[in-house]
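Written below as structure tokens is the structure these notes are about.
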Amino acid sequence: MIAQNLAKIHNRINTVEHSQKVTLIAVSKTKPASDLQQAIDAGQKHFGENYLQEALEKIETLKGQNLVWHFIGPIQSNKTKPITQNFDWVHSVDRLKIAQRLNDQRPQGLEKLNVLLQVNIDNEATKSGVLVDEIDELIPHFENFQNISLRGFMCIPNPNKSEQSFKKLAKILEKYPNLDTLSMGMSSDLDLAIKNGATFVRIGTDIFGKRS
Ligand SMILES: *Cc1c(COP(=O)(O)O)cnc(C)c1O
């Protein structure tokens, strides 16, 4: 089932006209390592996790398979160290203090940690992320960091205006020629996200089924 679902997602991705490279992240929060192993056996490499403790257990169970781990959930500042030790990407950086800690704690000998600024693209009170108006001020600070590399932006738009919000984030990325990554699009709106420039799509439900 998981293998078939992955094939369907790849079909959906290929159906949308796009010129950028699109990488599928399988969002596996709440799902057991055995489900992830099924996805791995079907060729899946990139996994996204929201909850640290749960993620660390799966990373340990599945080690040695050349996987790429993405942290996509809210970050408490006392949890940054294990994130730097176990993940390749962090999509949910929403304040400078977190970026500073990730930079300071990334173990020497590992490649730079790739990070994205989570943007609260629709300015919603219930969502985390930096506001659009704060981005310009924040970006130059990242030049001081030696151990993390700011690559672009992530957003979770209001579902009622996702296309408009994807376009808005793509437009913002264009202002920064050094950035190349847009993490946007989930099960319900991956097509619109790709059409508007997504380079990572984060898909949970349509691969692993509903979460309980
Ligand atoms: C859970 C989650 C997803 C996956 O959402 P689906 O609708 O299940 O595809 C993507 N991104 C983030 C940040 C999530 O928390």
What percent of all Cα-Cα pairs in the stretch 124-212 falls into each 10 Å bin, going from 0 up to the bin containing the maximum distance? 15, 45, 31, 9, 0
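Kindly rank 19-28, 74-83, 137-146, 114-123 from highest to lowest mean number of other beta carbons found within 10 Å of each residue.
Ranking, from highest mean packing down: 114-123, 19-28, 74-83, 137-146.
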Among HIS91, HIS46, what is the fewest-to-most ranking by other Cβ atoms within 10 Å? HIS46, HIS91
Between the alpha carbon centres of the stretch 168-212 and the stretch 47-117 the gap in Å comes to 19 Å
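Net charge within 12 Å of LEU56 by Cβ-Cβ distance, Lys/Arg positive one each and Asp/Glu negative one each, not counting LEU56 itself?
0
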Give the lysines reachable from LYS161 as a straight Cα distance under 20 Å; neighbours fewer than 8 places away on the same chain don't count. LYS127, LYS171, LYS195
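Where does the charge balance sit around GLN76 when Lys and Arg score +1, Asp and Glu -1, over other residues with C-beta under 13 Å from its C-beta?
For residues surrounding GLN76, the net value is +4.
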Along the charge dipole of the stretch 1-136, pointing to its positive end and built from +1/-1 on Cβ of Lys, Arg, Asp and Glu, which listed residue (ALA125, GLN44, ILE72) has its Cα farthest out? GLN44
Dipole check, the chain, charges on Cβ (K,R +1; D,E -1), about Cα centroid: among MET184, VAL93, LEU56 the Cα furthest to the positive pole belongs to LEU56
Where does each of 192-199, 63-70 land if you order them by average Cβ count within 10 Å, highest first? 192-199, 63-70
Given bins 5 angstrom wide, list per bin the percent of all Cα-Cα distances in the stretch 1-50, short to long. 5, 19, 29, 23, 15, 7, 2
Charge tally for neighbours of LYS161 with beta carbon under 14 Å away, counting Lys, Arg as +1 and Asp, Glu as -1, is -1
About its Cα centre, the stretch 2-208 carries a charge dipole, from +1 on Lys and Arg Cβ atoms and -1 on Asp and Glu Cβ atoms, whose size in debye to the nearest 20 is 180 debye
Which of the lysines could a cross-linker span from LYS63 if the Cα-Cα distance has to be under 27 Å and same-chain partners fewer than 8 positions apart are dropped? LYS8, LYS21, LYS29, LYS31, LYS45, LYS79, LYS81, LYS112, LYS210
Percentage of interatomic Cα-Cα distances in the stretch 49-121 larger than 21 Å: 19 percent
Under a point spin-label approximation (7 Å from Cα along Cα-to-Cβ), what is the TYR176-VAL68 distance to one decimal in nm? 1.8 nm
Taking every eigenvalue of the Cα gyration tensor of the stretch 2-208, multiplying by 5 and rooting it, what semi-axes result, largest first, whole Å? 24, 23, 15
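Bear in mind these aren't lab numbers, they're just calculated from the coordinates by the rules spelled out. Bear in mind the structure is a predicted one, so any value in this text is a computation, not a measurement. Neighbour counts are summed over all protein chains in view; Cβ atoms, including those assigned to glycine, are modelled from backbone coordinates with ideal geometry.
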